Every structure is written in structure tokens, then in C-alpha cells.
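The values are calculated or read from the model by the stated rules, or taken from the named source; none is laboratory data. It should be emphasised that the depicted structure is a prediction, and the values quoted were computed from it without experimental measurement. Because the Cβ atoms are built from the backbone with ideal geometry, glycine has one as well, and the counts that use them run over all protein chains shown. Quick note on the areas: whole protein, heavy atoms, side chains included, nothing else; ligands and nucleic acids left out. Shrake-Rupley method; radii C 1.70, N 1.55, O 1.52, S 1.80 Å.
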Amino acid sequence: MLSYWIKSLSVRLWVTSVAALAVSLTLIAAIVLYAFNHLPPDTFRVGESIRGAHKLASELRFDESGQPVSIDLDERTKWLFDFGSTELMYRALDASGHVLLASRGAPDITSWDADDLASSLGVMKRVTINGKPFDVVTLEVMHGQTPFFLQSAASVAFNKAVLGEKIEPIPAIVGDTLLIATIIFGLTLTFTVRRVLRPLRVASDAAASITPQNLRMRLSIKGVPSEIKPILIAFNDALARLENGFAVQQQFLASAAHELQTPLTLIRGQIELQPEVENKDLLFREIDLMARQVRQLLHLAEVSESQNFEFGEVDKVDVAEDVVDYLARKADKKQVKLHVDAPVIPATMRADRSALFILLKNIVENAGPGVDPDHLPFLFERFWRAPDAQHDGAGLGLSICKEIALAHNWKLSVKTLASGTQFIVSF
């Protein structure tokens, strides 16, 4: 079982895909963690400070005279400016640099930056306010045709603390995300692989059902992946060549048997008309044996092709009794008693009457005192005869039975008893 799973294409696809995903996510996580651990902190603080300043500018409110009067803050941001009034500040200025609006705790000084306001727009600058380093961002806000400036300032210590709070859980989040993504991908991939490989399983089941009786069947390439399609096409081509070769073989058998029948009949007739021929009985025996083999070749060629069967309602018991009547004279010569033991109720079924007759006849003709258990696996092979066989025959009778059973989906089995041999045909 372990060997099957190791060699399974589904398992290999699953393991390869999950491993590739895990490696890819691990590399991405390593790059992200490396960036957080090695890039300068200012890289992250700049973006955070500029985004905060833009948020304040978007919430700046003006009175009817066009002067800034307030910033509409949400509860969380308002609490931060009130609680950390000396660490987090903002103010609005006119074009001349006069302060028009400021947060609580913002120092009442004319300029936070030695440079003019216009040259500081949109960037973060490190300045000193009240002896502490601050990150200051200056933005221009237009109200109608009048320009105003909004400055946002956060102490370096405050920014580092906030940034640390945001960055610290990132490694754990990345690790958990990696694990969860791998598990979800692995589970969904199981169903995906099964769905992708379903056409292959269908093709495999179809190939397993192909027998000499249905060589006309071909594997469907509908829905099969492009990479696998050439294999199925090549298999169908090989099947077509096999069908053609099998048909030629069957045609040869039938033709040879037909060609041999007439000469054998003529030879027997010539011997009967020649009174001076010696050992006529021996010659007739040999000719009859050859004629029987020819008939069996014909039967074998016929039963190997499903289109040669004519199915209809058949009474099994009636056919069995016909076999007993047909073999009665031969049985009497060998002092063998044939008897049909069957229920009184009619036992009809759908079958080819002639084929059922030949099957039962061949089984009865092969009746003997017993079969060596070592010979049982070879009984139904063509042209096989037991090494110690005492009866005449070409080894075709039971192989004909096998072909008939296969064509009807019957089960033909044999086992050795304490005395004799038992053949069972399960309809």
C-alpha cells in the first residue's frame, strides 16, 4: 500500500505543489522579515507620517469667512492628540506663516522649520521643537483660491513606539499566515488533483474493460489534459492495429477450416470406394479426428466474434437434453450414463442457443476420471492437452467454452473432486 502511494501521480502532484507553495511563501516571508529588520526605521515612519498629515488635511473645516476653525477628528485620533498633546501636534497656517489653528499643546512659535513652508511641502523633516526631535510634514490646503498650510508633528519617540507596536506582531502574523495558507492550499489541492486526474481514471477503467470480444472500443480523449492526450491517441492507434491483426487471424482460421473440410470429405469418400485399401478403420479414425479439429477451428473462429451470436430466449434444460441426446450413442459405446437433473419449472434465459449447445457438449465430451490439480490453470488455453492425455483431441474444446462464456458474461469454473471433476457454468 505504501509503495502504491509513493508511486501515485496524485500524491506526487500534491506533495510537489504543497512543497513549492511552502518554499515560495517561506521566501516571501523571509524577504518581508529581512526588510523589517534591516531597512532604516525612517523608511516606515515617513510613509506613516505623510499619510497621517493627509488625513488631517482632508478633515480641515472652514468658517463662512473662509478661515480654518477645526479639524473633524474621529474619537480615537482626538484622544491621541489630547492624551499625547506634547508628543502629537498639528496646526494650520496662512500663506504668511501666521498660525490660525493649533492642537492643544502645540507651542506658540512662528515656525517649526527653518525653511520656508513652500519648500517643505509633501516631505517629512526632522526638526527640534522645545528641545525634542520631531518628524514634521507640511501640506498645502486650498480653500477656493486661498492657500493654507497644515503641519503635522509627531515626536521621534512617539513614532518609534507606534511603529514598534505595529511591526512587533508581524513575524508571528507572517508565520501563522504561512501555516494556514499551506494547510488550506493542501486541502483544496486534494480535490483539485482528483478532479484534474478524473479523465485519466475514466480512461484507465475503460482500458481495463477492453477484451478480445470488444476490440472496437476506443478510449475517449474528451477532457483529458493536453500532456496526456498523445498517450491515449497512441493507445487507440495500437488498439486499432491489434483489432485488425485479430480480425485477420480469425479470418485465416475460418478460411483454413473451410478449405480443409472439403478435401477431408473427398478423401474419406475415395477410401470408401477403394476395396483394396488396408486398415480402413484406422484411416477413417484419423480422418474423423482431423474433421473434428477443423470443425472446432470453425467454432473457435465463430465464437471469438461477438457479431456471430444470435441472442434469444432459450430454455437451458431443453438445450441440455439436446446435448444428452446428441452424445447418447457415443456414451453408450463407452458405457457412460448421461442424465439431466433439472427443476420442473422452465428455466429460460437470453442466450445464443447454438453457442450454449456447443459449450455444454464440449464440457460433457471432456468428462473424465479426474484432472490433475496442477493442470487446472491450463484447461481453457488454446491447443493445450495434458501430457498424459489418453483421448484424441486438439485442445480446443474448452477454449471454445471459455470464449462462449465470455461473450455471454457467464462464469465458467472447474474444480477437482474426490472422484472426478466438476465444471460449473454460472449464468
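Yes or no: the stretch 329-338 includes at least one residue that is farther than 26 Å from A407 by Cα, without any contact (Cβ under 8 Å) to a residue 60 or more places away in the chain, among the aliphatic types (A, V, I, L, M) and open to solvent by less than 30 Å² (accessible area, probe 1.4 Å). So far as the stretch 329-338 goes, yes, one or more of its residues are farther than 26 Å from A407 by Cα, without any contact (Cβ under 8 Å) to a residue 60 or more places away in the chain, among the aliphatic types (A, V, I, L, M) and open to solvent by less than 30 Å² (accessible area, probe 1.4 Å). Output the residue which, of all residues in the stretch 199-220 that are within 14 Å of the chain's Cα centre (by Cα) and in contact (Cβ under 8 Å) with a residue 12 or more places away in the chain, is nearest to F246 (Cα to Cα). Per the stated criteria, the residue is A203. Taking (1) open to solvent by 40 Å² or more (accessible area, probe 1.4 Å); (2) at pLDDT below 90 in turn, A301 satisfies each apart from (1). Here P107 meets each of (1) at pLDDT 85 or above; (2) surrounded by 12 or more Cβ atoms within 10 Å (Cβ to Cβ) with one exception, condition (1).
Annotation: of all residues in the stretch 307-328 being assigned to a helix (DSSP H, G or I), farther than 15 Å from I345 by Cα and not hydrophobic (A, V, I, L, M, F, W, C), the one that is most open to solvent (accessible area, probe 1.4 Å) is Y326.
Listed by position, the strands (runs of 3 or more DSSP E) inside the stretch 121-203 whose residues that are out of contact with any strand residue (DSSP E or B) (no Cβ under 8 Å at 6 or more places or on another chain) and open to solvent by 40 Å² or more (accessible area, probe 1.4 Å) number at least 3 form an empty set. Does at least one position in the stretch 374-383 carry a residue that is at pLDDT below 80 and under 44 Å from the mean Cα position of the chain (by Cα)? Yes, the stretch 374-383 has at least one match.
Does S96 meet the test of being under 27 Å from A161 (Cβ atoms), modelled with pLDDT under 90 and polar (S, T, N, Q)? Taking the combined requirement at face value, the residue does not satisfy it. Within the stretch 245-263, is there a residue that is modelled with pLDDT of 75 or more, in a helix (DSSP H, G or I), under 23 Å from K402 (Cβ atoms) and open to solvent by 60 Å² or more (accessible area, probe 1.4 Å)? So far as the stretch 245-263 goes, no, none of its residues is modelled with pLDDT of 75 or more, in a helix (DSSP H, G or I), under 23 Å from K402 (Cβ atoms) and open to solvent by 60 Å² or more (accessible area, probe 1.4 Å).
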